[in-house]
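In what follows, a structure is listed as structure tokens, so that the remarks can point back to it.
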Amino acid sequence: MTESLSSPDARIPPGDGGPDCDYCGNRRYVLDAQGSLKPCPQCGVAQTWKVRAVDAYSSRNGAALTQTFFNFKTVFHGKEDEFLRDCLDSAEQFANEPDHRWLVLWGRRGNGKTHLCAAVANHLVNAGVAALFITMPDLLAALRQAMDLQTNTEQESYSGRLRTFKSAPILILDDLGAEGNSDWSDAVLFEVLDYRYRNRLPTMIVTNCALEAFDPRIASRMQDTAVSMVIEDNAPDFRQRPLEERDRATVHTDRE
């Protein structure tokens, strides 16, 4: 007897272009031990949807797509720079074990912090993990766009887009402090970081500003030693390196 498609256990045709999956019956989600829906671990289709949905807002484009841990240069004027090495090791550790952790990198401009943001994002996305790499100015611009869309076409809600940033499985937030201060931007930043702090969502934060320059409530969360690792990057400006050091990737033999 042919099983009716109305049956909750019925197999459905794979109409989404993904593979035929016996494990989830092409539903793309399965129930875990707690009774919650989770992406099917066998076909991985729903997880791919999740990765793409988050990455749609990403600042991960252009040169950022080629930035990795392996081509991050830690040599300055022929010597290994301890600040760059600490930042690289911390970023790799976060990428490999992000659960319930925060990583905060701060220091002067031009010393590779954004490269490490991209490297973490590329590592995670290529591994099929939903991670959002976005600059704070881009995050605010996306919210302003959502307000315009909501006003003009009701296409997407502001609160829905803000919820995406607050609840992204992993958030990599670059250029914190570059957005300029306003009551609105400060409120957005606090809402995003406070939500992630309270829910222990993996978060990487990069800024050129000393942490004491932020709202004390935000600075306190970023510096909570129970959750966050704070690394000061006091390395020199990358643009001041000799050309041969800028053009040649450092080989990390201990990582090969």
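The values are calculated or read from the model by the stated rules, or taken from the named source; none is laboratory data. None of these values were measured; they are calculated from a predicted model. Methodologically, a virtual Cβ is constructed for each residue, glycine included, from the backbone with ideal geometry; neighbour enumeration extends over all protein chains shown.
Counting just the residues of segment 38-59 that are more than 20 Å from the chain's Cα centre (by Cα) and at pLDDT 80 or above, which one comes out surrounded by the most Cβ atoms within 10 Å (Cβ to Cβ)?
That would be CYS40.
Do any helices (runs of 4 or more DSSP H) entirely within segment 138-243 hold 1 or more residues that are modelled with pLDDT under 90, among the aliphatic types (A, V, I, L, M) and within 23 Å of ALA53 (Cβ to Cβ), and if so, which?
Details: elements: 158-167, 183-198, 216-222.
It comes to none.
Are there any pairs, at least 6 apart or on different chains, whose C-beta atoms fall under 9 Å, with the first in segment 93-104 and outside the structural domain of ASN122 (by TED's automatic domain parsing) and charged (D, E, K, R) and the second part of a loop (DSSP other than H, G, I, E, B) and surrounded by 13 or more Cβ atoms within 10 Å (Cβ to Cβ), and if so, which?
From segment 93-104, no pairs qualify.
Among the residues of segment 53-99, how many are of a type in the set (A, V, I, L, M) and closer than 19 Å to VAL230 by Cβ? It would help to see each step written out before you state the result.
Here is the first cut: in segment 53-99, the residues of a type in the set (A, V, I, L, M) are 53-54, 56, 63-65, 75, 84, 88, 91, 95.
Subsequent filtering for residues that are closer than 19 Å to VAL230 by Cβ retains 84, 88, 91, 95.
Selection size over segment 53-99: 4.
Taking only segment 122-137 into account, find how many residues are in a helix (DSSP H, G or I), touching a residue at least 60 places away in the same chain (Cβ under 8 Å) and touching a Leu at 6+ places or on another chain (Cβ under 8 Å).
Count: 1.
For LEU103, indicate whether it is surrounded by 20 or more Cβ atoms within 10 Å (Cβ to Cβ), under 18 Å from VAL54 (Cβ atoms), in contact with a helix residue (DSSP H, G or I) (Cβ under 8 Å, 6 or more places away or on another chain) and not acidic (Asp, Glu).
On the way: surrounded by 20 or more Cβ atoms within 10 Å (Cβ to Cβ): yes; under 18 Å from VAL54 (Cβ atoms): no; in contact with a helix residue (DSSP H, G or I) (Cβ under 8 Å, 6 or more places away or on another chain): yes; not acidic (Asp, Glu): yes.
Here the answer is no, as LEU103 does not meet what is asked.
Which one of these is in contact (Cβ under 8 Å) with a residue 40 or more places away in the chain and either of a type in the set (Asp, Glu) or assigned by TED's automatic domain parsing to the domain that holds SER58 (or both): GLY160, GLY180, GLY112? Spell out the reasoning first.
Values: GLY160 fails: in contact (Cβ under 8 Å) with a residue 40 or more places away in the chain; GLY180 fails: in contact (Cβ under 8 Å) with a residue 40 or more places away in the chain.
Criteria check complete, one pass: GLY112.
Just to be sure I understand, how many residues within segment 128-144 are of a type in the set (Gly, Ala, Ser) and in contact with a Gly (Cβ under 8 Å, 6 or more places away or on another chain)? First the steps, then the outcome.
Our first condition is that a residue be of a type in the set (Gly, Ala, Ser); within segment 128-144, this holds for 128, 130-131, 141-142.
Within this subset, residues satisfying the condition of being in contact with a Gly (Cβ under 8 Å, 6 or more places away or on another chain) are 128.
Residues flagged as of a type in the set (Gly, Ala, Ser) and in contact with a Gly (Cβ under 8 Å, 6 or more places away or on another chain) within segment 128-144 amount to 1.
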